[in-house]
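Colleague: Here it is, the structure in full.
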Amino acid sequence: MKSFLLFFAGSLLVVAVAAGNAGRLRAQTQTPAPAPAVAPAVAPAQAAAPAAPISYPKNPVKPTPESQAKAKSIYAIDCSMCHGDNGNGKTDLATSMSLTLADWTDPKSLENHEDGELFNVIRNGKGEKMPPEATGRATDSEVWNLVVYIRSFSKGQPAAAPAATPATADTH
């Protein structure tokens, strides 16, 4: 009786496995049904509320001569090939990639950008042509010091003069 129960249980197991495999085989050989057409999303009639301004963190580092020397080294290795040794953005590589980069020697170039915004661009990259500064290569503190170093390019530089507007003739 015991051997009959074992034979019966084994047979049930074989049948169950075979049925499961047959279902999977059928699912693999059937052609999938075409995806249902999805209507494109339509914007609501009301205008969307303006996005809240992004709040970036403040730069937490107090630069030291040593931290700025490290930032200068990181910049020379990872940034200067496109942004230039002095941060003016005029390099052969930038030109060959059809990039127009900000001139960081001009004080106005970064005046509307918070340190946290610059940190995010350096840390996460920008577009397809500026890779992120991977966490394993530079610590957050080093990236914050890199922001301070980049801002130093415009120190002592006069702000670029605004473009001259053509004078209008006085008809009086």
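The values are calculated or read from the model by the stated rules, or taken from the named source; none is laboratory data. These figures come from a predicted structure and were not determined experimentally. When we count neighbours, we look across all protein chains shown, and the Cβ atoms used for this are built from the backbone with ideal geometry, even at glycine.
Colleague: Report, by residue number, each residue of region 67-98 that is assigned to a helix (DSSP H, G or I) and farther than 11 Å from E142 by Cα.
Modeller: First pass over region 67-98, keeping only residues assigned to a helix (DSSP H, G or I): 67-78, 80-83, 92-96.
Selection gives A76, I77, D78, S80, M81, C82, H83, D92, L93, A94, T95, S96.
Per-residue answers, yes or no, for (1) within 18 Å of F119 (Cβ to Cβ); (2) buried (at least 16 other Cβ atoms within 10 Å of the Cβ); (3) in contact with a Pro (Cβ under 8 Å, 6 or more places away or on another chain):
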| residue | (1), (2), (3) |
| --- | --- |
| K58 | yes, no, no |
| P65 | no, no, no |
| Y75 | yes, yes, no |
| M81 | no, no, no |
| D85 | no, no, no |
| N88 | no, yes, no |
| T91 | no, yes, no |
| S96 | no, no, no |
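Colleague: I've got another one for you. Restricting attention to region 77-96, which residues are under 16 Å from G125 (Cα atoms) and either in contact with a helix residue (DSSP H, G or I) (Cβ under 7 Å, 6 or more places away or on another chain) or aliphatic (A, V, I, L, M) (or both)? So that I can check it myself, show each step before the final result.
Modeller: Of region 77-96, the ones under 16 Å from G125 (Cα atoms) are 77-83, 94.
Within region 77-96, I77, M81, C82, A94 meet the criteria.
Colleague: To continue, here is another question. Which one is modelled with the highest pLDDT, of the residues in region 114-136 that are surrounded by fewer than 18 Cβ atoms within 10 Å (Cβ to Cβ) and touching a helix residue (DSSP H, G or I) at 6+ places or on another chain (Cβ under 7 Å)?
Modeller: That would be R123.
Colleague: Also, I was wondering about something else. Out of all the residues in region 105-113, is one or more hydrophobic (A, V, I, L, M, F, W, C), at pLDDT below 95 and surrounded by fewer than 18 Cβ atoms within 10 Å (Cβ to Cβ)?
Modeller: At the first step, the residues of region 105-113 found to be hydrophobic (A, V, I, L, M, F, W, C) are 110.
Next, from what is left, pick out any that are at pLDDT below 95: 110.
Subset that is surrounded by fewer than 18 Cβ atoms within 10 Å (Cβ to Cβ): none.
Among the residues of region 105-113, not one is hydrophobic (A, V, I, L, M, F, W, C), at pLDDT below 95 and surrounded by fewer than 18 Cβ atoms within 10 Å (Cβ to Cβ), which makes the answer no.
Colleague: When you look at I54, is it over 13 Å from S154 (Cβ atoms), surrounded by 15 or more Cβ atoms within 10 Å (Cβ to Cβ) and touching a residue at least 24 places away in the same chain (Cβ under 8 Å), yes or no?
Modeller: No; evaluated as a whole, the condition is false for this residue.
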